[in-house]
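What follows is a single structure, written as structure tokens, with notes after it.
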Amino acid sequence: MNVSFTVAACGPDTINSSATETMPTVIISQTIVPAKGFIDITGSEFTPNANVTSHLLQPDGSEFPYLPILTNNNGEFTHEIDTLLLLVGIHELWVVDDTIGVSSNIVRFEVTREQE
């Protein structure tokens with residue numbers, strides 16, 4: 001007797017898999033910036049017209065207060081960071097799509113002391 005069957009994956013990793021096929025992505029305008037500078041952040045592949053939350057880990061291990069951002073109808077956003085309030089050193093930034101609970105890639109940038 002020949003019996004064949006198909007096993008389908010199920011569970012939290014497979015729910016809404018089409019929504020997570022392309023991962024939310026953030027890019028930054030530069031990786032080294034002076035203490036009195038600006039960095040532009042661009043996000044894409046997030047849920048359209050929805051809230052995302054930006055996270056910024058500082059060099060001392062503390063996290064800067066979360067920043068809510070609203071995406072446009074293409075699931076994109078832009079934001080400018082003023083580095084004046086940031087610590088000197090390497091920072092890590094990522095953004096979470098609040099609708100699907102998926103994090104973007106992590107980008108790193110360094111805030112440096114200004115040259116006198």
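Where a number appears in this text, it was derived from the coordinates with a stated rule and is not lab data. Keep in mind it's a predicted model, so treat the numbers as computed, not measured. Note that each Cβ is placed from the backbone with ideal geometry, even for glycine, and that neighbours are counted across all protein chains shown.
Using a simple spin-label model with pseudo-atoms 7 Å out from Cα toward Cβ, Leu84 and Leu57 lie 2.8 nm apart. Dimensions of the stretch 17-112 along the principal axes, based on C-alpha atoms and rounded to the nearest Å, stand at 40, 22, 19, largest first.
The magnitude of the dipole of the stretch 17-112, with charges of +1 and -1 set on the Cβ of Lys/Arg and Asp/Glu and taken from the Cα centre, is near 140 debye. Under the simplified labelling scheme, the Thr31-Ile100 pair shows an inter-label distance of 2.7 nm, with each label point 7 Å from Cα along Cα→Cβ. Remark: the Asp40-Thr112 segment gains 24.3 nm on full extension, using 0.36 nm per residue and subtracting the alpha carbon distance.
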